[in-house]
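*Asks:* Quick one: structure below, then a few questions.
The values are calculated or read from the model by the stated rules, or taken from the named source; none is laboratory data. Predicted, not measured: the structure shown is a model, and the values here were computed from it. Counting neighbours? That spans all protein chains shown, and the Cβs are built from the backbone with ideal geometry, glycine included. To get the accessible areas, we keep the full protein, side chains included, count just its heavy atoms, and leave off ligands, DNA and RNA. Shrake-Rupley method; radii C 1.70, N 1.55, O 1.52, S 1.80 Å.
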Amino acid sequence: AQSVSQHNHHVILSEAASLELGCNYSYGGTVNLFWYVQYPGQHLQLLLKYFSGDPLVKGIKGFEAEFIKSKFSFNLRKPSVQWSDTAEYFCAGKKLQTGANNLFFGTGTRLTVIP
Amino acid sequence: DVKVTQSSRYLVKRTGEKVFLECVQDMDHENMFWYRQDPGLGLRLIYFSYDVKMKEKGDIPEGYSVSREKKERFSLILESASTNQTSMYLCASSLRGFLSGANVLTFGAGSRLTVL
């Protein structure tokens with residue numbers, strides 16, 4: 001079965017610290033991978049996505065993620081976090097050529113950035 | 001610029017009541033989804049629909065049903081609400097197909113349901 005796991009449940013950082021949130025997916029083959037972000041009181045929005053090609057993908061607000069196929073990982077990174085990055089981050093994925101288009105989501109990582 | 005609209009942001013219902021959660025999208029997407037979001041559990045898929053009148057069970061369909069009579073509208077129904085259905089419910093939509101772009105979901109703002 002397809003699954004996505006996020007091992008960090010709550011991360012607390014000071015402003016300007018570097019961020020890396022882990023994400024692992026359970027399936028091989030061609031995959032689509034995503035990071036979504038949910039700011040306090042707001043709806044989930046797409047942060048970045050990987051479909052194919054360059055394994056290093058850049059998203060909004062200075063975030064990037066690297067797809068490492070051999071490690072089944074798609075970790076999210078940002079070199080210097082800001083207070084406004086406080087949010088919950090969800091990794092999601094789907095193996096292509098499988099049925100309908102529902103994504104599998106991780107359990108989320110809550111990021112708190114201290115000013 | 002609103003694309004996925006959920007009719008109710010907050011609802012409070014009593015055990016045993018019938019609950020309707022409505023979702024409308026204006027992007028002409030074929031796929032629509034209902035997730036519930038609970039702390040520590042992430043997003044879990046309840047039902048999805050890939051076309052009008054078509055529906056598929058997700059991971060946690062028990063206690064829920066859905067209706068899709070029009071392409072733009074997808075309703076989630078709790079026939080007899082229970083306290084363990086207290087949660088945040090998220091509607092999403094996407095294009096259909098196997099192309100990569102079909103997997104990008106657009107979410108609504110969510111409906112927070114409390115069942116007393």
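*Asks:* Among the residues of segment A:9-32, which ones are in contact with a Leu (Cβ under 9 Å, 6 or more places away or on another chain) and on the phi > 0 side of the Ramachandran plot?
*Replies:* A:Gly29
*Asks:* Return the residue satisfying two criteria in turn: it lies in segment B:29-62 and is among the aliphatic types (A, V, I, L, M) and at the interface with chain A (Cβ under 9 Å from one of its Cβ atoms), and of such residues it is most open to solvent (accessible area, probe 1.4 Å).
*Replies:* Within segment B:29-62, the match that is most open to solvent (accessible area, probe 1.4 Å) is B:Leu41.
*Asks:* Quick one: A:Ser5 ticks every box in (1) open to solvent by less than 50 Å² (accessible area, probe 1.4 Å); (2) touching a residue at least 24 places away in the same chain (Cβ under 8 Å); (3) more than 12 Å from chain B (Cβ to nearest Cβ) bar one, so which box is it?
*Replies:* The one condition A:Ser5 does not meet is (3).
*Asks:* Which one is farthest from the other protein chains (Cβ to nearest Cβ) among residues in segment B:4-28 that are open to solvent by less than 90 Å² (accessible area, probe 1.4 Å) and assigned to a loop (DSSP other than H, G, I, E, B)?
*Replies:* Among them, the one singled out is B:Gly16.
*Asks:* Please note which strands (runs of 3 or more DSSP E) are completely contained in segment A:18-76 and include at least 1 residues that are of a type in the set (Val, Ile, Thr) and surrounded by 14 or more Cβ atoms within 10 Å (Cβ to Cβ).
*Replies:* Answer list for segment A:18-76: A:31-38, A:56-58.
*Asks:* Restricting attention to segment B:66-116, report how many residues are among the hydroxyl-bearing types (Ser, Thr, Tyr), at pLDDT 95 or above and closer than 21 Å to B:Leu41 by Cα.
*Replies:* The number of residues fulfilling the criteria is 7.
*Asks:* List pairs: first residue in segment B:5-20 and over 17 Å from B:Met32 (Cα atoms), second residue of a type in the set (Gly, Ala, Ser) and in a strand (DSSP E or B) anywhere in the structure, Cβ distance under 8 angstrom, at least six positions apart or on different chains.
*Replies:* Note: pairs meeting the criteria are B:Ser8/B:Ser111; B:Arg9/B:Ser111; B:Tyr10/B:Ser111; B:Leu11/B:Ser111.
*Asks:* Determine whether A:Thr112 is open to solvent by 10 Å² or more (accessible area, probe 1.4 Å), touching a residue at least 24 places away in the same chain (Cβ under 8 Å), away from chain B (no Cβ under 14 Å) and in contact with a Pro (Cβ under 8 Å, 6 or more places away or on another chain).
*Replies:* no
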